[in-house]
1. Considering amide H positions built from the backbone, and no H for Pro or chain starts, which residues 5 or more places from Arg188, or on another chain, come under 5 Å of its amide H?
2. How much of Leu99 can a 1.4 Å solvent probe reach, expressed as accessible area in Å² and rounded to 10?
3. Students sometimes get this wrong: rank Thr105, Thr130 by accessible area, probe 1.4 Å, all chains present, largest first.
4. Please list, in order along region 95-109, the HN-Hα scalar couplings obtained from phi with the Karplus expression 6.51 cos²θ - 1.76 cosθ + 1.60 (θ = phi - 60°), rounded to whole Hz, x for Gly and Pro.
5. Output the relative contact order of region 81-209, whole-number percent, from Cα pairs under 8 angstrom with separation of 6+ residues.
6. I'd like the FRET efficiency for Val248 and His187, computed as 1/(1 + (r/R0)^6) with the beta carbon distance as r and R0 of 41 Å, rounded to 0.05.
7. If I compute solvent accessible area with a 1.4 Å probe over the protein chains, what percent of it on region 147-270 is carbon and sulfur?
8. At 1.4 Å probe size, with every protein chain present, just tell me what the per residue accessible area of region 97-146 comes to in Å².
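The values are calculated or read from the model by the stated rules, or taken from the named source; none is laboratory data. Computed from a predicted model, the values in this text were never measured in an experiment. Every residue, glycine as well, gets a Cβ built from its backbone with ideal geometry; the counts of neighbours run over all protein chains shown. The protein model used for the area step is the full one, side chains on, heavy atoms only, and it has no ligands, DNA or RNA in it. Shrake-Rupley method; radii C 1.70, N 1.55, O 1.52, S 1.80 Å.
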Amino acid sequence: MVERTAPPHETAAPAPAGAPVSDVPGLLDGVPRQRGPRATAVAGGWEPVPAAEPRPQKLRPWWLLPTPTGTPFTFGYAIVLCLTSLISAYADPALVHALLQGSSTDVTHLVRTPGLVLIGSALWVAGGVTSPFAIAFVLVLAALERRIGGVRTAGVFLLGHVAATLATEVPVGLAVLAGHLPGSSLHRLDYGVSFGVAAGIGALAGLLPLWLRLPLLAGFGWMLLQDLLAFTDPMTNWGHLIALVIGVATWPLVRRWRDGRRLLQAAHQA
C-alpha cells in the first residue's frame, strides 16, 4: 500500500465541519459523499472535533403547578374549584346546602338525573381548597397532564369519578331494596373530586420511576386503609380504594399514551 502524502508546496484548505474530505482520518480516497467524523485542520493533519455533550435538563419546580399553556385542563378545572369553594365558604348556608344536595350523587339523583349529578358533584371540593385532596388535585393532575395530555387526563379522572361512584352507590340502593339499610340512605350527601384524584394518583404512579412509585402507592394506600378502619364514612373510603385500583389498572394505557406523546414531541423538535 502506498501512503499518500501532499507535496511540500501544497497547502490543504480547511474542510467545513462534517464535510466529506479524503484527507480526514477514517474516510476513503475517491469515494464521494462520505459521512465521517467532524474534523478541523491542525498543524500536520486533521484532528477530530469532539461531539458536543448534551445539555443537562434544568430543574423547573414550577412544573409541579398547573399553567394555562402547559396544563390547560388542570388549570381551568382548578379555577372552577376555587370559585365553588368561595361560594361554599361565603354564600348563604341554606343556598350552599341546596346546591350541594342538588349535586349529590346519591341513589335518588343517580336514578333520576345521572349525567347531571355526576358532573355537578365533581365541581365541589369537600373540605375546601386547603383539604388534602384539593392539594393533591393540583399536583397530581398537573403532573399527569404534562405526561399524557389534557384530554386523556380528563378521561382518567372521569373514569375514576364515575366508576367509583357507581361501585359505592349501587350497593346502597340494592341494600335498601333488600331491607338492610333505611330509606334515608337513598339521599346520602355525596360530592367532591376525591374519587377522580385517587384514580389520578394510581395512574400517575405507573409513569414514575420505581423509587417514587412505591412510596407514593404505599403512603396513599396506607392513608386510605386507616380511613377505612376508622369507619367514619365507609362508603366514601371504599370508593377511594376502588378509584385507586382503577387508576393502577390504567397503567398499560397511560404508558402507551406517554410514549406516543414523547415521540410526537421529538418529531416536532427534529
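1. Residues meeting the amide H criterion: Val107.
2. Rounded to the nearest 10, the figure is 70 Å².
3. Values: Thr105 5, Thr130 110 Å².
These residues rank, largest area first, as Thr130, Thr105.
4. 5, 4, 4, 5, 5, 5, 5, x, 9, 5, 8, 7, 4, 4, 5
5. RCO, region 81-209: 36 percent.
6. Values: r = 32 Å, r/R0 = 0.79.
Efficiency, from the Cβ-Cβ distance: 0.80.
7. Solvent-exposed carbon and sulfur of region 147-270 make up 71 percent of the total.
8. 43 Å²
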